[in-house]
Amino acid sequence: MLVYTSGPLADDLAAIGPVAVRLFASSSAPDTDFVARLTDVDPEGRSLNVTEGVIRARFRENVWGAPKLIEPGRIYEYTIDLQVTAHVFRRGHRIRLQVTSSSFPVWDRNLNTGEDPATGTRMAVARQTVHHGGAYLSQLLLPVVSR
């Protein structure tokens, strides 16, 4: 799991609207999942979930369309929809983004082999690389409302 945490906020920050993560990543597998979770970290260090979402690599272009496996090692752009939220991050709190490759049993398992997850029997370890610099600027898209 990758964890990105802001510094303590100087003022309250209201996030209202659709939240997403634009992720540039590669995998050793022909199919895998990417999960993003937005949390609010209080001054005592407790991390409380605000919202989360997942994208299965094979549905990266269209979640309702025909699946397309990925080429292992190639960098793809993924949009992870974290749904809509209305949350105020209070002064002194921190904003945290967690990026991982599974959240079972919240989200269905992924075999990482490209087989049908309902009938497949083989499983494989997927080694993920998240890119976050240069031409591959992964980012949290957070709708901030000003006063």
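The values are calculated or read from the model by the stated rules, or taken from the named source; none is laboratory data. Computed from a predicted structure; not experimentally measured. Every residue, glycine among them, receives a Cβ derived from its backbone with ideal geometry; neighbour counts consider all protein chains shown. Just the protein is used for accessible areas: all its heavy atoms, side chains included, with ligands, DNA and RNA removed. Shrake-Rupley method; radii C 1.70, N 1.55, O 1.52, S 1.80 Å.
Order the peptides 10-23, 117-130 from the highest to the lowest mean number of other Cβ atoms within 10 Å of their residues.
In descending order of packing, they fall as 10-23, 117-130.
Largest first, what is the accessible-area ranking of 101, 26 with a 1.4 Å probe?
Final ranking, largest accessible area leading: 101, 26.
Scan region 68-147 for chymotrypsin sites (Phe, Trp or Tyr not before Pro) in coil per DSSP, keeping those whose Cβ has at most 15 other Cβ atoms within 10 Å, and list them by number.
When the chymotrypsin sites (Phe, Trp or Tyr not before Pro) of region 68-147 are filtered for loop state and at most 15 Cβ neighbours within 10 Å, 107 remain.
Quick one: 3J(HN,Hα) in Hz for region 37-49, Karplus 6.51/-1.76/1.60 with θ = phi - 60°, rounded, Gly and Pro as x.
Those phi angles translate into 10, 9, 10, 10, 9, 7, x, 7, x, 6, 9, 10, 5 Hz.
Pop out the ³J(HN,Hα) list for region 67-72 in order, Karplus 6.51 cos²θ - 1.76 cosθ + 1.60 with θ = phi - 60°, rounded to Hz; leave Gly and Pro as x.
Values, residue by residue: x, 10, 5, 9, 8, x Hz.
For region 135-145, just list the computed ³J(HN,Hα) in residue order, Karplus coefficients 6.51, -1.76 and 1.60, θ = phi - 60°, integers in Hz, with x standing in for Gly and Pro.
With the stated coefficients, region 135-145 comes to 6, 10, 8, 5, 7, 8, 9, 10, x, 8, 9 Hz.
So if R0 is 25 Å, what FRET efficiency would residue 6 and residue 83 give, r being the distance between their Cβ atoms, rounded to the nearest 0.05?
0.75
Counting only protein heavy atoms and using a 1.4 Å probe, what share of the accessible area of the chain belongs to carbon plus sulfur, as a whole percent?
Carbon with sulfur: 54 percent of the solvent-accessible area.
Apply 1/(1 + (r/R0)^6) to the Cβ-Cβ distance of residue 146 and residue 49, taking R0 = 30 Å, and write down the FRET efficiency to the nearest 0.05.
0.75
Rounded to the nearest 0.05, what FRET efficiency is calculated for residue 121 and residue 28 with R0 set to 22 Å and r the Cβ-Cβ distance?
The pair residue 121/residue 28 has a calculated efficiency of 0.65.
Counting alpha carbon pairs within less than 8 Å and at least 6 residues apart, what relative contact order, in whole percent, applies to region 1-75?
This gives 31 percent for region 1-75.
Can you give me the Cα centroid spacing of region 5-66 and region 97-147 in angstrom?
9 Å
Determine Rg/Rh for region 15-147; Rg is computed over alpha-carbon atoms and Rh is the Kirkwood hydrodynamic estimate from the same atoms.
Result: Rg/Rh = 1.01.
Keeping every protein chain present and rolling a 1.4 Å probe, give me the accessible area per residue for the chain in Å².
Averaged over the residues of the chain, the accessible area is 58 Å².
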